[in-house]
Amino acid sequence: MKKMLTIREMRPEDAEAAAQIEAENFSRPWKVSGFLEAVQSANAVYFVAELDGVITGYAGMWTALDEGEITNVSVKASGWGNGIGRQLVETLLDAGKKAGVSSFYLEVRQSNERAISLYRSCGFEEAGIRKNFYEAPKEHAVVMCKR
């Protein structure tokens, strides 16, 4: 049976689920308060992916003038390989374009080949390296840009 995937704007009551997914996937996760702050900011846009009504992923971006900084894209391991990350990124890009964003940026761990491949396939290009950007473990970040 095919599962039903819905992408919608994140609401304050989704912050707990987003923080749980964040903790599953990142060594230095955002807390619930970070998601609440983002959802309530006029300069941020956050989305959740619901698979059969269960929040399985989320993505967010902060905007300033014509630039968008993608801060988080994360999917529960149980949802990997279903195109959820791609749909979240494409939704962010569409929302950014509607808001007048012409340049999108993000950082990703150098070892996260799965994410780098996803971003490349969405039109992002590598723009540089931020040395020792990540902690626990220490690692360089690949800066990626889409114009």
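Hydrodynamic estimate: the Kirkwood radius of the chain over Cα pairs, inserted into Stokes-Einstein at 20 °C and 1.002 mPa s, corresponds to D of 138 µm²/s. The modelled label-to-label distance for the pair residue 130/residue 94, using points 7 Å beyond Cα in the direction of Cβ, is 2.8 nm.
Accessible surface for the chain, divided over its residues, is 56 Å² per residue with a 1.4 Å probe. Of all lysines in the structure, those lying under 24 Å Cα to Cα from residue 138, and not within fewer than 8 positions of it along the same chain, are 31, 76. Using only the alpha carbons of the stretch 61-147, what is the convex hull's orientation-averaged projected area in square nanometres? About 5.7 nm², averaged over all directions. Of the whole protein surface, residue 103 contributes about 20 Å² of accessible area at a 1.4 Å probe radius. Between residue 9 and residue 64, the contour length at 0.36 nm per residue exceeds the Cα-Cα span by 17.9 nm. Rolling a 1.4 Å probe over the protein chains gives residue 45 an accessible area of about 30 Å². Summary of the geometry: the stretch 78-147 and the stretch 11-26, compared by the centres of their Cα atoms, lie 19 Å apart. Residue separation of residue 117 and residue 27 scaled by 0.36 nm, minus their Cα-Cα distance, works out to 30.3 nm of gained length. What stretch of the chain, leaving out the sites themselves, is the longest with no chymotrypsin sites (Phe, Trp or Tyr not before Pro) in a DSSP loop having at most 14 other Cβ atoms within 10 Å? With a cap of 14 other Cβ atoms within 10 Å, the longest stretch comes to 81-147.
The values are calculated or read from the model by the stated rules, or taken from the named source; none is laboratory data. For clarity, every value in this text was computed on a predicted model and none was experimentally measured. Please note: Cβ atoms are built from the backbone with ideal geometry, for glycine as well, and neighbour counts cover all protein chains shown. Calculation scope for accessible area: heavy atoms of the full protein, side chains included, ligands and nucleic acids excluded. Shrake-Rupley method; radii C 1.70, N 1.55, O 1.52, S 1.80 Å.
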